[in-house]
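**Student:** Dropping a structure here in structure tokens format, bear with me for questions.
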Amino acid sequence: MELFFKDGTVFDVTDYWLVDGQMHFMTLDEHGTKLVEQVRDFADLNLQTTIDVNTERGFKFMLRNQPIEQYLRDHPDVSPQENPSPPKN
């Protein structure tokens with residue numbers, strides 16, 4: 001998943017959530033060894049580009065108010081959607 005910002009910055013993220021107008025997201029550090037939380041104003045997110053590019057790549061951009069692990073614990077009725085395998089010819 002990638003987040004596209006209006007200043008041209010693009011972040012590869014492993015998780016993202018929105019709290020009080022702030023976009024929180026997790027990226028790998030410069031060494032690629034640990035996750036780091038970053039925060040930017042939601043108003044700075046290029047929302048349409050983020051939706052369009054990720055949809056084109058098969059990802060659904062869905063805003064949540066907490067990290068995915070916590071969200072799934074708090075909403076046990078929701079499970080990640082699995083994409084069925086394409087039919088074999």
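**Student:** Yes or no: Leu18 touching a helix residue (DSSP H, G or I) at 6+ places or on another chain (Cβ under 7 Å), open to solvent by 40 Å² or more (accessible area, probe 1.4 Å) and touching a residue at least 40 places away in the same chain (Cβ under 8 Å)? Show your work before the answer.
**Tutor:** Working: touching a helix residue (DSSP H, G or I) at 6+ places or on another chain (Cβ under 7 Å): yes; open to solvent by 40 Å² or more (accessible area, probe 1.4 Å): yes; touching a residue at least 40 places away in the same chain (Cβ under 8 Å): yes.
Answer is yes for this residue.
**Student:** In addition: Return a yes/no flag: does the range 29-44 have any residue that is open to solvent by less than 40 Å² (accessible area, probe 1.4 Å) and either among the polar types (S, T, N, Q) or at pLDDT 95 or above (or both). It would help to see each step written out before you state the result.
**Tutor:** Start the filter on the range 29-44 by keeping residues that are open to solvent by less than 40 Å² (accessible area, probe 1.4 Å), which leaves 29.
If we keep only those that are either among the polar types (S, T, N, Q) or at pLDDT 95 or above (or both) as well, we get none.
Within the range 29-44 (the criterion being open to solvent by less than 40 Å² (accessible area, probe 1.4 Å) and either among the polar types (S, T, N, Q) or at pLDDT 95 or above (or both)), the answer is no, since none of the residues qualifies.
**Student:** Hey, can you tell me all the residues within the range 1-28 that are outside any strand (DSSP E or B) and either under 8 Å from the mean Cα position of the chain (by Cα) or farther than 17 Å from Val53 by Cβ (or both)? Talk me through it step by step, then tell me what you get.
**Tutor:** Filtering the range 1-28 for residues outside any strand (DSSP E or B) gives 1, 6-9, 13-14, 20-21.
Met1, Val13, Thr14, Asp20, Gly21 - these are the residues of the range 1-28 that are outside any strand (DSSP E or B) and either under 8 Å from the mean Cα position of the chain (by Cα) or farther than 17 Å from Val53 by Cβ (or both).
The values are calculated or read from the model by the stated rules, or taken from the named source; none is laboratory data. All figures in this text were calculated on a predicted structure; none of them were measured in a lab. Cβ coordinates were reconstructed from backbone atoms using ideal geometry, including for glycine residues, and neighbour counts include every protein chain displayed. Each accessible area value is taken on the protein alone, full model and side chains, heavy atoms only, with ligands, DNA and RNA left out. Shrake-Rupley method; radii C 1.70, N 1.55, O 1.52, S 1.80 Å.
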